[in-house]
1. So how many residues does the stretch 13-31 have that are out of contact with any strand residue (DSSP E or B) (no Cβ under 7 Å at 6 or more places or on another chain) and open to solvent by 10 Å² or more (accessible area, probe 1.4 Å)?
2. Name the residues in the stretch 158-177 that are assigned to a strand (DSSP E or B) and buried (at least 18 other Cβ atoms within 10 Å of the Cβ), would you?
3. Exactly one condition in (1) part of a loop (DSSP other than H, G, I, E, B); (2) open to solvent by 30 Å² or more (accessible area, probe 1.4 Å); (3) touching a residue at least 12 places away in the same chain (Cβ under 8 Å) is false for K155; which is it?
4. Does any residue in the stretch 72-101 that is more than 13 Å from S50 (Cβ to Cβ) and basic (K, R) come within less than 8 Å, Cβ to Cβ, of a residue that is modelled with pLDDT of 95 or more and assigned to a helix (DSSP H, G or I) six or more places away or on a different chain, and which pairs are these?
5. Only one of G53, G61, G109 is in a loop (DSSP other than H, G, I, E, B), free of Cβ contacts under 8 Å to residues at least 12 places away in the same chain and surrounded by fewer than 20 Cβ atoms within 10 Å (Cβ to Cβ). Can you tell me which?
6. Could you check W101 against (1) in a helix (DSSP H, G or I); (2) touching a helix residue (DSSP H, G or I) at 6+ places or on another chain (Cβ under 7 Å); (3) more than 19 Å from S9 (Cβ to Cβ); (4) open to solvent by 10 Å² or more (accessible area, probe 1.4 Å) and say which number it fails?
7. Which one is most open to solvent (accessible area, probe 1.4 Å) among residues in the stretch 80-98 that are in a helix (DSSP H, G or I) and touching a helix residue (DSSP H, G or I) at 6+ places or on another chain (Cβ under 8 Å)?
8. Kindly evaluate A123 against the criterion of being part of a loop (DSSP other than H, G, I, E, B), without any contact (Cβ under 8 Å) to a residue 40 or more places away in the chain and of a type in the set (G, A, S).
Amino acid sequence: SITFFLGHSLLSTSVTLPVEQLKAAENIARTQYALSQGNSSSPIDIKLASIDGKAVSTHAGIQLQPDGCILDIEDSDITYLPALWRNPRPLIKANAKLLPWLIRQHEQGNIIAGVGTGCCFMAEAALLNNRPATTHWHYFDRFEKNYPKVQLKRKHFITQSSNLFCAGSINALADLT
């Protein structure tokens, strides 16, 4: 199961691009699985979820309708945290209920992948303390100031520590996906 967190002012491509990549992989897997097993069941369960289950408006004004509330999802093999437009601090504060949920997902060994300023959710939950991480280049200085315990890797587009992944840009997220 793969969950995409939706928050207001997100960059829609940080959700739509990996969803499209995963759906393409699902179609290939379904075809190969059906040929070898005689079955066409869906191997990937993708859910879009917001903090309250309500639609969100992206930075570009595009409305995204979630499948439900992220807090109702007990277990997600992979969680994607989207890039946020401009200063992520107000959005992190508005979605503070997400932080304990992320901690539980991490403790269960589930993968969490953030892109750009979406990585701030992991940093805010202290999941990146004493770990390598990256974010969008425009936010490096502020990220380093706000999260001094995080080992910011300015020259890396993708970082991994255990089950935590950070991508510095949408293109890096495409590579990570």
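1. Number satisfying all stated conditions: 13.
2. Of everything in the stretch 158-177, those that are assigned to a strand (DSSP E or B) and buried (at least 18 other Cβ atoms within 10 Å of the Cβ) turn out to be T159, L164, F165, C166, A167.
3. Only one criterion is unmet by K155, namely (3).
4. Every condition considered, the pairs that remain are R89/C120; R89/N146.
5. G61
6. Among (1) in a helix (DSSP H, G or I); (2) touching a helix residue (DSSP H, G or I) at 6+ places or on another chain (Cβ under 7 Å); (3) more than 19 Å from S9 (Cβ to Cβ); (4) open to solvent by 10 Å² or more (accessible area, probe 1.4 Å), W101 violates only (4).
7. R89
8. Against the criterion (part of a loop (DSSP other than H, G, I, E, B), without any contact (Cβ under 8 Å) to a residue 40 or more places away in the chain and of a type in the set (G, A, S)), A123 does not qualify.
The values are calculated or read from the model by the stated rules, or taken from the named source; none is laboratory data. Nothing here was measured: the structure is a model prediction, and the numbers come from that model. Positions of Cβ are backbone-derived with ideal geometry, glycine not excepted, and every protein chain shown enters the neighbour counts. Keep in mind that these areas ignore ligands, DNA and RNA; they rest on the heavy atoms of the full protein, side chains included. Shrake-Rupley method; radii C 1.70, N 1.55, O 1.52, S 1.80 Å.
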